Amino acid sequence: QGQLVESGGGLVQPGGSLRLSCAASGIIFAIYSMGWYRQVPGKQRELVATITSGGSTNYADSVKGRFTISRDAAKNTAYLQMNSLQLEDTAVYYCQTSTPFRDYWGQGTQVTVSS
């Protein structure tokens, strides 16, 4: 049974940094594309960044130049490095991947940017 587990969220001041991790088990993470999403209560979940199996990346305009998505195949883990955090980045962050059989979502990790 595949599973994704996020970690690394927390409280940070504006301008600060956090690195989120998404550890996969039961899924060969490296052969599938994966994405980071975020959701604020009352709003739709939005795509933040994606990375393909080949390492190509894509970012939402709102995070370009500040966030970096990466993956470590040996650790079966993906990361989201978030720099220059802004108040508007406050959300629950989720990682996601799709296999030929089903979609997988993590449980989410809260990121709060506040002074």
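The values are calculated or read from the model by the stated rules, or taken from the named source; none is laboratory data. Everything quoted here is computed from the prediction, not taken from an experiment. Methodologically, a virtual Cβ is constructed for each residue, glycine included, from the backbone with ideal geometry; neighbour enumeration extends over all protein chains shown. Quick note on the areas: whole protein, heavy atoms, side chains included, nothing else; ligands and nucleic acids left out. Shrake-Rupley method; radii C 1.70, N 1.55, O 1.52, S 1.80 Å.
Points to keep in mind about this one:
- Choice from ILE51, ILE31, ILE69 showing the highest fluctuation, given a GNM over the chain with Cα pairs closer than 10 Å: ILE31
- In the full protein context, region 1-107 carries 53 Å² of accessible surface per residue, based on a 1.4 Å probe and ignoring ligands, DNA and RNA.
- Stretchable slack from ASN76 to SER114, in nm (0.36 nm times residue separation minus alpha-carbon distance): 10.5 nm
- If you run the Gaussian network model on the chain, springs between alpha carbon atoms under 10 Å, then out of GLY42, GLY54, GLY16 the most flexible one is GLY42.
- With every protein chain in place, the chain: carbon and sulfur % of accessible area (1.4 Å): 49
- Relative contact order (%) - criterion: Cα under 8 Å, at least six apart; region: region 1-105: 34
- Computed lengthening from SER53 to GLN3, 0.36 nm per intervening residue step minus Cα-Cα distance: 16.2 nm
- Simple spin-label estimate for ALA30 and PHE101 in nanometres, 7 Å along Cα-Cβ: 2.1
- The equivalent ellipsoid of the chain has semi-axes of 23, 14, 13 Å, largest first, where each one is the square root of 5 times an eigenvalue of the Cα gyration tensor.
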